[in-house]
Amino acid sequence: MPDSIELRDIELMRRLSKGDESAFLEFYRRHQGGLYRYALHMAGRPEAAADVVQETFLSLIRQSGKFDEEKGAPAAFLYGIARNHLRKLWEKEGRYVAFSTGMGGGDVTGWDGEGGNHNGNGRYPAKPGEQETVLEGLERAEIVRLLREAVLTLPEHYREPVTLCDLEGKTYIEASALLACPVGTVRSRLNRARSILLEKLRPNRLGAKVLGPRSGGKT
């Protein structure tokens with residue numbers, strides 16, 4: 001049964017399909033931030049992510065009448081539109097968009113160094129009771145860079161669950177709803193994606209600090 005958030009989204013989509021501008025603005029405010037982060041992790045560049053978000057919401061206005069609440073949540077419909085725009089971007093610029101250091105500072109890793117416990121806000125956690133030294137800060141920034149580069153090389157169907165579960169901190173159930181696929185599929189793809197990332201990061205001495213012996217997950 002849909003929760004209160006999804007029920008509100010469904011109501012907004014119904015109103016949006018009838019041309020209600022206030023419904024669009026509320027729906028935009030509710031989902032713009034999460035959609036931008038998703039697009040940023042998937043595309044690798046802020047300007048590309050911003051373009052994807054803009055095109056996605058423009059498409060949503062035109063396609064709102066196609067939404068069928070029996071087939072999935074409004075958020076899944078929105079992310080499906082974004083996925084199509086990302087694919088157009090990849091077709092235009094190449095299958096994998098080049099990594100850009102312009103993504104910002106070291107604030108979006110997905111795992112800690114103790115076996116893969118995600119901290120929920122995308123930050124690489126410092127050790128309890130310790131202040132981060134300059135060298136530790138530089139090392140953390142390098143870990144973020146390596147992880148982002150590795151994630152951007154993943155095929156789309158592996159990159160998405162990593163982005164949603166490990167970088168965004170969503171549960172398997174939440175990711176399943178957004179990707180419109182079974183929880184088991186999300187889990188298996190995520191496990192495979194983590195294995196690929198391990199292979200890419202292990203040769204680097206910092207790899208073990210990004211991915212522990214076995215990454216965990218949330219249901």
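The values are calculated or read from the model by the stated rules, or taken from the named source; none is laboratory data. As the structure is a computational prediction, the values presented were derived from the model and not from experiment. Cβ sites come from the backbone with ideal geometry, for glycine too, and all protein chains shown count toward neighbours.
Values for this structure:
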quantity: Some residue of segment 163-186 being at pLDDT below 75, farther than 19 Å from Ala49 by Cβ and buried (at least 21 other Cβ atoms within 10 Å of the Cβ); calculated: no
quantity: Subset tally (residues that are of a type in the set (S, T, N, Q), more than 13 Å from Leu190 (Cα to Cα) and within 12 Å of the chain's Cα centre (by Cα)) for segment 148-169; calculated: 0
quantity: Any hit, segment 50-60, residues being surrounded by fewer than 17 Cβ atoms within 10 Å (Cβ to Cβ) and in contact (Cβ under 8 Å) with a residue 24 or more places away in the chain; calculated: yes
quantity: Segment 5-20 residues that are in contact (Cβ under 8 Å) with a residue 12 or more places away in the chain, paired with ones that are of a type in the set (S, T, N, Q) and in a helix (DSSP H, G or I) (beta carbon under 7 Å, 6 or more apart); calculated: Met13/Ser64; Leu16/Ser64; Ser17/Ser64
quantity: Lone qualifier among Ser188, Ser195, Ser176 - being closer than 17 Å to Ala73 by Cβ and assigned to a helix (DSSP H, G or I); calculated: Ser176
quantity: Some residue of segment 119-133 being of a type in the set (A, V, I, L, M, F, W, C) and either part of a helix (DSSP H, G or I) or modelled with pLDDT of 55 or more (or both); calculated: no
quantity: In segment 145-173, the residues that are under 16 Å from Arg37 (Cα atoms) and of a type in the set (A, V, I, L, M, F, W, C); calculated: Leu147, Val151, Leu152, Val162, Leu164, Cys165, Leu167
quantity: Helices (runs of 4 or more DSSP H) wholly inside segment 16-99 containing at least 3 residues that are in contact with a His (Cβ under 7 Å, 6 or more places away or on another chain) and not assigned by TED's automatic domain parsing to the domain that holds Leu167; calculated: 46-63
